[in-house]
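Input: a single structure, listed below in structure tokens.
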């Protein structure tokens, strides 16, 4: 198996939304409609739940076209098998007021979501996607990358922020923990 990592681009918008829509979210059916837009909207939980898959798919296409949505896709040949949503944290409306992120000086990148095809999990694809994001943030002159993994032993398939061990293996350091959610930082400068 040879995995190729590609940056999300307008040419991949349809591939991205098709990939997300074809995933079986048996473990969390309410995720089926997200299209990785949750962090791109600032709304109440009720407003979020009222949105449709079509609205989020349309927003994903718009955000990809206008450059608001960034990340990387993993491919096995032509088949998409993974995704990471990695961006300047200020492009995530949901966390724009986050006091911890506001406290960092300089430019911070954030990793908010991994989506690995069920047949390809536990094969290092999330790590490859995170490495691509780190390299991209470094090339763009970011000061750091922030990830917020958590342990969910009852439902490990729901750990869409990645695993702490994955971040640690790539040199991230834990800077805080609150209610089982960790903030990991990799300094790039």
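Using a Debye calculation, one point per C-alpha and no hydration shell, please list log10 I(q)/I(0) for region 50-189 at q = 0.15 Å⁻¹ in order.
-0.79
Starting from the Cα gyration tensor of region 70-139, multiply each eigenvalue by 5, take the square root, and state the resulting semi-axes largest first in whole Å.
Over the Cα atoms of region 70-139, the ellipsoid semi-axes are 26, 12, 9 Å.
Only helical DSSP H runs with n ≥ 4 go in: add -39500 (n - 2.57) per run for the chain, normalise by residue count and round the 222 nm mean residue ellipticity to 500 deg cm²/dmol.
It lands at -8000 deg cm²/dmol.
Can you pull the one-decimal nm distance between simple spin-label points at residue 23 and residue 68, each 7 Å off the Cα toward Cβ?
Taking the two extended label points, one gets 2.0 nm.
Can you tell me which of 68, 81, 146 moves the most in a GNM of the chain? Springs connect C-alpha atoms under 10 Å apart.
The residue that fluctuates most here is 68.
Which of 162, 109, 171 moves the most in a Gaussian network model of the chain with Cα springs under 10 Å?
In this elastic network of the chain, the residue with the biggest mean-square fluctuation among 162, 109, 171 is 171.
In whole Å, largest first, what are the principal axis extents of the Cα atoms in region 25-123?
Dimensions of region 25-123 along the principal axes of its Cα atoms: 40, 32, 27 Å.
Measuring from label point to label point, each 7 Å out along Cα→Cβ, what is the residue 189 to residue 121 span in nm?
Here the modelled spin labels are 3.8 nm apart.
Of all beta bridges DSSP finds with both residues in the chain, what is the antiparallel percent, to the nearest 5?
The antiparallel proportion sits near 90 percent.
Over the chain, what relative contact order in percent results from Cα pairs under 8 Å that are six or more residues apart?
19
Residue 79 label point, 7 Å along Cα→Cβ, cut-off 20 Å on backbone N: hits in region 104-129?
115-129
Coordinate-derived values only; no laboratory data. This is a predicted model, so every value here is computed, not measured. Ideal geometry is used to build each Cβ from the backbone, glycine not excepted, and the neighbour counts take in all protein chains shown.
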